[in-house]
């Protein structure tokens, strides 16, 4: 990489973001990680990323565009964490949309969204009274909006997240979470380690793979570089 490119991670103190930042830095990128709590700055700095204090839940599009100015890519890995439907909508849907608009305004075309494997279909089958429904709805609408933009996006849909070490191998799934015979082991087979999510983020940004694609995946047997092109 002849010229160091800058990547902005939205939700920089999240578990996936903390695993992603050092991988991107090892790949030759500079990383700014947006955080809303100044107490998290030291942990972010330990990854090699530069912490930037900015609450995306409250930030307007113009403020976000200023934070993205000069960046090569944006990675959205923020989330309200569940439990509060209004805040889930505010962060996972509305703030996410503002970051997309801000990226376009700032001239940043590459955009990676961390979603989940059934975001396209769950709102059609879940009980609206389910505690998971607000999250499913927010991610569904955010992903739908992103697919309608002109951004060079990749939407990543991991399965149930775990803290297992990255294996570097995955299996791709369809929108309903079916991954063939290798995924017929129930909940065990539909897990995705956060480390593998971080590895996939690195792969798609370094290689340019999965441009304007939705990639749903679980931990599996295929090397990431072979599974995602």
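The values are calculated or read from the model by the stated rules, or taken from the named source; none is laboratory data. Since this is a predicted model, take the numbers as computed values, not measurements. In this analysis, Cβ positions are derived from the backbone assuming ideal geometry, glycine residues included, and neighbour counts consider all displayed protein chains.
Tabulated data for the structure shown
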| quantity | calculated |
| --- | --- |
| Hits in the stretch 5-50 - residues which are out of contact with any strand residue (DSSP E or B) (no Cβ under 8 Å at 6 or more places or on another chain), in a loop (DSSP other than H, G, I, E, B) and either within 18 Å of residue 80 (Cβ to Cβ) or free of Cβ contacts under 8 Å to residues at least 60 places away in the same chain (or both) | 14, 28, 37, 46 |
| Residue match in the stretch 55-62 (condition: outside any loop (DSSP other than H, G, I, E, B) and touching a strand residue (DSSP E or B) at 6+ places or on another chain (Cβ under 9 Å)) | no |
| Count of the stretch 64-84 residues which are modelled with pLDDT of 95 or more and over 15 Å from the mean Cα position of the chain (by Cα) | 9 |
| Residues of the stretch 139-153 satisfying the condition of being out of contact with any strand residue (DSSP E or B) (no Cβ under 6 Å at 6 or more places or on another chain), assigned to a loop (DSSP other than H, G, I, E, B) and surrounded by 15 or more Cβ atoms within 10 Å (Cβ to Cβ) | 149 |
| One residue from 157, 195 being part of a strand (DSSP E or B) and either surrounded by 21 or more Cβ atoms within 10 Å (Cβ to Cβ) or touching a strand residue (DSSP E or B) at 6+ places or on another chain (Cβ under 7 Å) (or both) | 157 |
| Conditions (1) within 28 Å of residue 149 (Cα to Cα); (2) at pLDDT 95 or above; (3) buried (at least 18 other Cβ atoms within 10 Å of the Cβ); number of the one not met by residue 207 | (3) |
| Enumeration of residues in the stretch 122-138 that are surrounded by fewer than 21 Cβ atoms within 10 Å (Cβ to Cβ) and within 25 Å of residue 195 (Cα to Cα) | 132 |
| Single unsatisfied condition, residue 2 versus (1) surrounded by fewer than 19 Cβ atoms within 10 Å (Cβ to Cβ); (2) modelled with pLDDT of 95 or more; (3) out of contact with any strand residue (DSSP E or B) (no Cβ under 8 Å at 6 or more places or on another chain); (4) not in a helix (DSSP H, G or I) | (2) |
| Residue count, the stretch 81-115 (criterion: buried (at least 21 other Cβ atoms within 10 Å of the Cβ) and in a loop (DSSP other than H, G, I, E, B)) | 2 |
| Test: residue in the stretch 164-187 that is in contact (Cβ under 8 Å) with a residue 24 or more places away in the chain, closer than 28 Å to residue 86 by Cα and surrounded by 21 or more Cβ atoms within 10 Å (Cβ to Cβ) | no |
| Test set (1) touching a helix residue (DSSP H, G or I) at 6+ places or on another chain (Cβ under 7 Å); (2) part of a loop (DSSP other than H, G, I, E, B); (3) over 23 Å from residue 90 (Cα atoms) - residue 176 fails condition number | (1) |
